[in-house]
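Step one of this worksheet: look at the structure below.
The values are calculated or read from the model by the stated rules, or taken from the named source; none is laboratory data. Computed from a predicted model, the values in this text were never measured in an experiment. Note: ideal-geometry Cβ built from the backbone for every residue, glycine included; neighbour counts use all protein chains shown. Ligands, DNA and RNA are stripped out before the accessible areas are found, and what is left, the full protein with its side chains, is counted by its heavy atoms. Shrake-Rupley method; radii C 1.70, N 1.55, O 1.52, S 1.80 Å.
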Amino acid sequence: RMKTITIQISDETARHIESLIAAGEYLNVNEYLALLIERDLRLEELPRWMEAELLKGIESLERGEGIPWTAETAEKLKQDFLERHRRSRGEVA
């Protein structure tokens with residue numbers, strides 16, 4: 001079931017949304033707002049995910065399982081992050 005919600009926005013904000021739709025970024029205002037809200041909901045999950053990952057790393061270090069920091073390590077972390085970011089946005093790898 002879908003619920004209808006009425007909002008008021010500034011003329012500037014309306015122009016911005018209209019320009020995104022005109023550029024083909026979104027089909028209509030409903031799609032723009034629905035995707036914006038979905039992104040916001042995913043962002044709420046990010047701090048919890050980051051905390052869990054940090055705790056896993058700390059526990060790993062405490063067990064003596066740390067790895068040396070090298071350029072390769074940094075690149076792998078960067079690629080892993082970018083892949084996770086693309087997936088979170090629904091982009092195909």
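The table below lists the values:
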| item | result |
| --- | --- |
| Close pairs from the stretch 45-68: first open to solvent by less than 90 Å² (accessible area, probe 1.4 Å), partner modelled with pLDDT under 85, Cβ under 7 Å, at least 6 apart | Ser60/Gly66 |
| Scan of the stretch 37-93 for residues that are modelled with pLDDT under 90, part of a helix (DSSP H, G or I) and of a type in the set (Phe, Trp, Tyr), ordered by number | Trp49 |
| Selection count, the stretch 69-93, where residues are farther than 27 Å from Ile37 by Cα, β-branched (Val, Ile, Thr) and loosely packed, with under 10 Cβ neighbours inside 10 Å | 1 |
| Glu25, sole failed condition from (1) in a helix (DSSP H, G or I); (2) surrounded by 10 or more Cβ atoms within 10 Å (Cβ to Cβ) | (1) |
